[in-house]
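Reading through the structure tokens given below for one structure.
The values are calculated or read from the model by the stated rules, or taken from the named source; none is laboratory data. Nothing here was measured: the structure is a model prediction, and the numbers come from that model. With ideal geometry, Cβ positions are generated from the backbone for all residues, glycine too; neighbour counts draw on all protein chains shown.
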Amino acid sequence: MAEDSDKPKQASLVLIGMGPNMLTSMTEEAIVAAKSADFRYYEAYTAMWPIEELERLESRVGPIKKVMRPEVEQPEEILNLAKENTVAVLVVGDPLQATTHVDLQLQAEENGIDCRIIHGISITNIVTGAIGLSNYKFGRQTTLTYPYSNWIATSPLEILAMNRIMGHHTLALLDLDPTGAGTGKQQPMRPKDAVISIGLMIEKLSSGIEDINDNDSLSKLKKQAINELVATKFADWNVVLCSDMGAEDQSIIYTNLADLADFPGGNMNCLVFPASTSDVEEKALLRWSREEG
């Protein structure tokens, strides 16, 4: 054992999954890897931990530098250090949940840097089982974004519409950055913000249905799905608000969009839009029914 400890550490990049919300959600392997790194970075623009939990982690593993979108998407500093040191990039949830981190892994490999992955618990692992919906019936997930200036994304509702027409549930993560720049002024979207964004998306989507290309079968299905979605009264859509999942004070609320804005949510929130449900799924959802915030 003494001989092993005398060996120089191999330079590498280690992408570490932090899990959700708190130190106890990290595996022992993840904590040991973070502690043994020469440099530690905390990626804080795709998701965040509470400040007090991050401080607890620092007390265990050592100083951690917070980085945002520019430092991760243009990772010269990280990669240059990893050529001669062990560099840990800590990511909330699982480190390969976002394509941003997959790209970082690929860039490391292209630069001849050994890249190790330590997986973590992600929101997609937790939510489906926690609320009682079948994991097999979830379709493509999406992110509800803030409206940036005059730009309003409609792709989240297009994904919801396609999932809905095929009988698939939809997991919608909520945006963290009202500016869209990913440079530091994070403000996790609240339920009332999500309702406002959805309303703006529906308004824009409704006005552009006729412009949707329907030259092939997939496009025709998409147009039909969007038509059916916007024809419904969106205030009546059933939705599950999941807040701070994985934490001791996690919250699950089954409601509709009309009442969603009345609930404050937590530090980190996401929504699940159920499609058609089985008897077991419906019974499971009813456990979380709430009338008002």
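Counting only residues that are surrounded by 14 or more Cβ atoms within 10 Å (Cβ to Cβ), modelled with pLDDT under 95 and more than 16 Å from residue 18 (Cβ to Cβ), how many does region 69-101 have?
2
Mind checking whether some residue in region 166-185 is assigned by TED's automatic domain parsing to the domain that holds residue 229, in contact with an Asp or Glu (Cβ under 7 Å, 6 or more places away or on another chain) and within 25 Å of residue 262 (Cβ to Cβ)?
There is no residue in region 166-185 that is assigned by TED's automatic domain parsing to the domain that holds residue 229, in contact with an Asp or Glu (Cβ under 7 Å, 6 or more places away or on another chain) and within 25 Å of residue 262 (Cβ to Cβ).
Do we have residue 26 as under 14 Å from residue 92 (Cα atoms) and out of contact with any helix residue (DSSP H, G or I) (no Cβ under 8 Å at 6 or more places or on another chain) here?
So residue 26 fails the test.
Are there any strands (runs of 3 or more DSSP E) wholly within region 217-293 with 1 or more residues that are over 16 Å from residue 197 (Cα atoms), touching a residue at least 12 places away in the same chain (Cβ under 8 Å) and assigned by TED's automatic domain parsing to the domain that holds residue 202, and if so which?
On the way: elements: 238-243, 251-256, 269-273.
Filter on region 217-293 gives 238-243, 251-256.
Any chance you could count how many residues in region 190-233 are within 20 Å of residue 265 (Cα to Cα) and among the hydrophobic types (A, V, I, L, M, F, W, C)?
Selection size over region 190-233: 4.
Report the residue count in region 239-273 for those that are within 23 Å of residue 159 (Cα to Cα) and surrounded by fewer than 15 Cβ atoms within 10 Å (Cβ to Cβ).
2
Restricting to region 55-71, count the residues that are farther than 18 Å from residue 119 by Cα and assigned to a helix (DSSP H, G or I). Reasoning before the result, please.
Pass one, region 55-71, residues farther than 18 Å from residue 119 by Cα: 55-56, 58-60, 62-71.
So of that shortlist, the ones also assigned to a helix (DSSP H, G or I) come out as 55-56, 58-60, 69-71.
Here the count works out to 8.
Could you list all residues from region 1-52 that are β-branched (Val, Ile, Thr), at pLDDT 95 or above and in a helix (DSSP H, G or I)?
Of everything in region 1-52, those that are β-branched (Val, Ile, Thr), at pLDDT 95 or above and in a helix (DSSP H, G or I) turn out to be 31, 32.
Please go through region 175-201 and give me each residue that is at pLDDT below 95 and either touching a Phe, Trp or Tyr at 6+ places or on another chain (Cβ under 6 Å) or assigned to a strand (DSSP E or B) (or both), ordered by number.
Within region 175-201, 175, 178, 180, 182 meet the criteria.
Among the residues of region 87-116 satisfying the criterion of being β-branched (Val, Ile, Thr) and out of contact with any helix residue (DSSP H, G or I) (no Cβ under 7 Å at 6 or more places or on another chain), which is nearest to residue 68 (Cα to Cα)?
Filtering region 87-116 for residues that are β-branched (Val, Ile, Thr) and out of contact with any helix residue (DSSP H, G or I) (no Cβ under 7 Å at 6 or more places or on another chain), the one nearest to residue 68 (Cα to Cα) comes out as 92.
Identify, please: which residue in region 127-169 is at positive phi and in contact with a helix residue (DSSP H, G or I) (Cβ under 9 Å, 6 or more places away or on another chain) and is, among those, surrounded by the most Cβ atoms within 10 Å (Cβ to Cβ)?
Among them, the one singled out is 132.
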